[in-house]
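Here is the structure we will look at, set down as structure tokens.
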Amino acid sequence: MAMIEIRHLNKAYSNKPVLTDLSLAIDSGRIVGLLGPNGCGKSTLLKMMAGLISDYQGEILINGHQPGMETKALVSYLPEKTYLSGWMRPMDTFDLFADFYPDFDRRRAEDMLGRFRLEAGQPIKTMSKGMQEKLQLILVMSRQAKVYLLDEPMGGVDPATRSAILDLVLKNYQEDAVMILATHLIQDVERIFDRAILLGFNELVMDDEIDNIRQKYGKSVDEVFREVFKCSVSL
Amino acid sequence: MFSQLVKHEFKATRRLIPFIYLVTVLIILSNLAVRQLHMDWLSGMLLVLLILLGIGEVMMTYVVVFYRYYKNLYNSEGYLTHTLPVPPRQLLTSKILVSFIWLLISYLVMFAVVLTVILLKAEEYDQGLVQVLELVVQSTGLNQASVYWIAGLIFAYACLAILFLMAQIFFAITLGNCSRFHHLGLGGPIVSYLGVYFVSQIAILIGLIAVPLGLTVEDHVLKVVPRGMAAAFFNGQDFVIGLGSIVVIIALTVGLFTWTARLLKNHTSLR
């Protein structure tokens with residue numbers, strides 16, 4: 001049984017379809033790139049898997065369960081937004097994660113905090129957007145989860161930090177886990193993908209192993225992405 | 001997990017709310033301290049400030065707990081709250097419990113403000129606080145047991161009123177943030193609240209008149225009787241205060257909280 005199974009998934013916002021009849025299966029131990037233009041439903045798909053959107057048609061199963069209390073204990077989700085309260089300090093966020101997630105490794109989190117040169121006592125409201133994103137990534141990657149859902153984890157950081165973040169993700173990723181990473185910065189991250197899922201508007205454009213894509217098209221995933229979506233814009 | 005939710009709910013709200021109470025208590029103490037100074041302008045100013053704070057601290061507490069509910073569940077913080085491995089029912093119950101405790105304290109602080117104002121005014125007529133309260137009790141014409149009974153009833157009704165308002169607002173915020181109302185923005189919760197308020201008022205009015213349960217005074221004793229206000233209106237019987245509205249309010253409060261928990265479980269949709 002695949003760790004994540006999606007069957008005939010449909011989601012619309014105000015009668016405007018975002019995902020139509022999407023079916024996917026993702027096995028454990030895979031790092032999957034979820035790619036597509038803005039508004040194609042990448043974030044919506046991750047939110048549904050994380051249990052943040054519950055009104056949809058079709059079926060999502062994570063380790064055999066529909067998104068709910070059981071799956072939330074298995075899924076470590078990083079949203080695009082900053083979700084921590086401004087008054088909190090990194091040490092408060094560690095307390096919170098330690099209280100609710102038995103798989104949270106506090107020592108690992110403190111170690112990563114030091115590596116990113118963040119202070120445990122600094123209120124989040126005084127941090128830059130990039131610092132806040134780093135802290136959230138530390139929290140998410142300090143869990144020994146079965147599924148990691150990362151939505152634009154490098155959206156607000158400088159190019160030098162992107163590489164450090166990728167190393168952090170790879171170093172802390174559990175090898176038997178599934179990681180789905182939604183991003184626009186394909187060039188920076190495609191080296192870590194095992195598989196790429198390209199979502200278009202209302203359709204699954206491509207779902208294949210990275211090696212197969214490179215072999216079939218003779219190009220990098222970033223180049224294939226540009227070609228595919230350049231065509232769709234010109235149409 | 002429930003105790004952890006309560007702990008973090010208190011942690012998130014304890015920075016502002018107790019500060020409001022502390023300021024109010026300080027103004028109460030200042031009022032008591034300056035009464036011996038015979039500085040009328042200062043006493044007058046502090047008394048006005050105390051009355052404003054007495055009203056303001058309750059309103060501010062309501063604003064804080066309702067805004068906290070919205071922010072923690074449907075604003076950016078919702079992305080964390082809704083991914084915690086806890087049942088939505090526990091999430092809601094923790095917020096109800098902590099909000100209720102803060103609001104109850106805010107009413108107790110307001111009660112202290114009222115007593116302080118009575119004390120200060122009574123002293124102007126060389127009366128003590130106890131004497132004034134005894135005068136109030138005597139004017140009701142009730143015996144002592146009935147007075148205690150009515151005081152307990154008022155306290156219970158105040159608790160119910162807090163819970164009922166929380167049930168209406170929590171429900172309106174939750175319903176207004178379902179995906180079908182996303183296009184309305186802030187209008188979603190407002191329209192939901194107006195709808196809930198309108199339906200609740202009609203139900204309460206029907207309960208007040210139609211449910212055969214009421215309070216009446218017989219021989220200086222307060223009694224519960226199996227008669228509603230309709231009996232007094234239409235049959236010319238003794239006047240009773242209808243208690244049917246309380247039954248309806250209890251039913252609405254339980255119903256709205258249950259519905260809110262169901263919406264949280266089945267219709268969550270973060271923007």
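The values are calculated or read from the model by the stated rules, or taken from the named source; none is laboratory data. Everything numeric in this text was worked out from a predicted model, so none of it was measured. Here the Cβ is made from the backbone with ideal geometry for all residues, glycine too, and neighbour counts use every protein chain on show.
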Those residues of region A:86-100 which are surrounded by 20 or more Cβ atoms within 10 Å (Cβ to Cβ) and within 7 Å of another protein chain (Cβ to nearest Cβ) amount to A:LEU96
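Just to be sure before I move on: is B:PHE2 farther than 30 Å from A:ASP151 by Cα, over 18 Å from the mean Cα position of the chain (by Cα), assigned by TED's automatic domain parsing to the domain that holds B:VAL117 and aromatic (Phe, Trp, Tyr) in the structure I sent?
On the way: farther than 30 Å from A:ASP151 by Cα: no; over 18 Å from the mean Cα position of the chain (by Cα): yes; assigned by TED's automatic domain parsing to the domain that holds B:VAL117: yes; aromatic (Phe, Trp, Tyr): yes.
Taking the combined requirement at face value, the residue does not satisfy it.
Condition first: acidic (Asp, Glu), without any contact (Cβ under 8 Å) to a residue 24 or more places away in the chain and closer than 27 Å to B:PHE2 by Cβ. Now tell me which residues in region A:76-119 satisfy that.
Taking region A:76-119 first, the residues acidic (Asp, Glu) are A:80, A:92, A:95, A:99, A:103, A:105, A:110-111, A:119.
When the remaining residues are screened for being without any contact (Cβ under 8 Å) to a residue 24 or more places away in the chain, the result is A:92, A:95, A:99, A:110-111.
Within region A:76-119, A:ASP92, A:ASP95, A:ASP99 meet the criteria.
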Within region A:68-85, restricting to residues that are closer than 17 Å to B:LEU73 by Cβ and of a type outside the set (A, V, I, L, M), the one that is farthest from the other protein chains (Cβ to nearest Cβ) is A:GLY68
Requested in this report: Looking only at region B:246-262, decide whether some residue is touching a residue at least 12 places away in the same chain (Cβ under 8 Å), within 30 Å of A:SER14 (Cβ to Cβ) and in contact with a Lys or Arg (Cβ under 8 Å, 6 or more places away or on another chain).
Outcome: yes
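Does A:MET112 satisfy the criteria of being away from every other protein chain (no Cβ under 11 Å), farther than 19 Å from B:GLY78 by Cα and in a loop (DSSP other than H, G, I, E, B)? Spell out how you get there, then give the answer.
Working: away from every other protein chain (no Cβ under 11 Å): yes; farther than 19 Å from B:GLY78 by Cα: yes; in a loop (DSSP other than H, G, I, E, B): no.
The answer is no for A:MET112.
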message = Whether any residue in region B:209-223 is touching a residue at least 12 places away in the same chain (Cβ under 8 Å), crowded, with 16+ Cβ neighbours inside 10 Å and within 19 Å of B:PHE171 (Cβ to Cβ) is what I want to check.
response = no
Cβ pairs under 6 Å, 6+ apart or interchain, first in region B:178-203 and without any contact (Cβ under 8 Å) to a residue 24 or more places away in the chain, second in a helix (DSSP H, G or I) and not hydrophobic (A, V, I, L, M, F, W, C), ordered by first then second residue, are B:PHE181/B:GLY188; B:GLY188/B:GLY176; B:SER192/B:GLY176
Subset of region A:14-67, residues at pLDDT below 90, out of contact with any helix residue (DSSP H, G or I) (no Cβ under 7 Å at 6 or more places or on another chain) and within 11 Å of another protein chain (Cβ to nearest Cβ), comes to A:ASN15, A:LYS16
Report yes if some residue within region B:231-244 is in contact (Cβ under 8 Å) with a residue 24 or more places away in the chain, surrounded by 14 or more Cβ atoms within 10 Å (Cβ to Cβ) and within 14 Å of chain A (Cβ to nearest Cβ); otherwise report no. no
Considering region B:176-209, residues that are farther than 30 Å from B:TYR70 by Cα and touching a helix residue (DSSP H, G or I) at 6+ places or on another chain (Cβ under 6 Å), and then whichever is farthest from the other protein chains (Cβ to nearest Cβ), we arrive at B:ILE209
Across (1) at pLDDT below 90; (2) farther than 16 Å from B:ILE118 by Cα, B:LYS11 clears everything bar (1)
Practice task
State whether the residues of region B:13-25 include one that is over 15 Å from B:MET110 (Cα atoms), assigned to a helix (DSSP H, G or I) and assigned by TED's automatic domain parsing to the domain that holds B:LEU104.
Solution key: yes
Requested in this report: For region B:48-69, state whether one or more residues are touching a residue at least 12 places away in the same chain (Cβ under 8 Å), part of a loop (DSSP other than H, G, I, E, B) and either within 14 Å of chain A (Cβ to nearest Cβ) or of a type in the set (Val, Ile, Thr) (or both).
Outcome: no
Notebook entry, point to check: Is region A:155-164 home to any residue that is outside any helix (DSSP H, G or I), at pLDDT 90 or above, of a type in the set (Gly, Ala, Ser) and touching a Lys or Arg at 6+ places or on another chain (Cβ under 6 Å)?
Noted result: no
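Residue by residue, here is whether (1) under 30 Å from A:SER54 (Cβ atoms); (2) exposed (fewer than 14 other Cβ atoms within 10 Å of the Cβ); (3) of a type in the set (A, V, I, L, M, F, W, C) holds:
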position: B:GLY141; (1), (2), (3): no, yes, no
position: B:ALA151; (1), (2), (3): no, yes, yes
position: B:ALA161; (1), (2), (3): no, no, yes
position: B:MET166; (1), (2), (3): yes, no, yes
position: B:HIS183; (1), (2), (3): yes, yes, no
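Residue by residue, here is whether (1) small (Gly, Ala, Ser); (2) over 25 Å from B:GLY56 (Cα atoms); (3) within 14 Å of chain A (Cβ to nearest Cβ); (4) touching a Ser or Thr at 6+ places or on another chain (Cβ under 9 Å) holds:
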{"position": "B:ASN72", "(1), (2), (3), (4)": "no, no, yes, yes"}
{"position": "B:LEU84", "(1), (2), (3), (4)": "no, yes, yes, no"}
{"position": "B:PRO88", "(1), (2), (3), (4)": "no, yes, yes, yes"}
{"position": "B:LEU91", "(1), (2), (3), (4)": "no, yes, yes, yes"}
{"position": "B:ILE118", "(1), (2), (3), (4)": "no, no, no, no"}
The correct count of residues that are part of a loop (DSSP other than H, G, I, E, B) and among the small types (Gly, Ala, Ser) in region B:73-89 is 1
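Of all the helices (runs of 4 or more DSSP H) wholly in region B:120-236, which have at least 3 residues that are over 24 Å from the mean Cα position of the chain (by Cα), of a type in the set (A, V, I, L, M) and not assigned by TED's automatic domain parsing to the domain that holds B:THR258?
On the way: elements: B:129-140, B:144-176, B:187-210, B:229-235.
Per the criteria, B:129-140.
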Residue pairs within 7 Å by beta carbon, gap of at least six or interchain, first lying in region B:1-15 and basic (Lys, Arg), second at pLDDT 90 or above, listed first then second, are B:ARG15/A:TRP87
A:ASP158 fails exactly one of (1) of a type in the set (D, E, K, R); (2) within 14 Å of chain B (Cβ to nearest Cβ); (3) surrounded by fewer than 17 Cβ atoms within 10 Å (Cβ to Cβ), namely (2)
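Given the criterion over 26 Å from the mean Cα position of the chain (by Cα) and either away from chain A (no Cβ under 13 Å) or among the charged types (D, E, K, R) (or both), identify the matching residue among B:LEU32, B:LEU22. Can you show your working first?
Values: B:LEU22 fails: over 26 Å from the mean Cα position of the chain (by Cα).
Selected residue: B:LEU32, the only one of B:LEU32, B:LEU22 that is over 26 Å from the mean Cα position of the chain (by Cα) and either away from chain A (no Cβ under 13 Å) or among the charged types (D, E, K, R) (or both).
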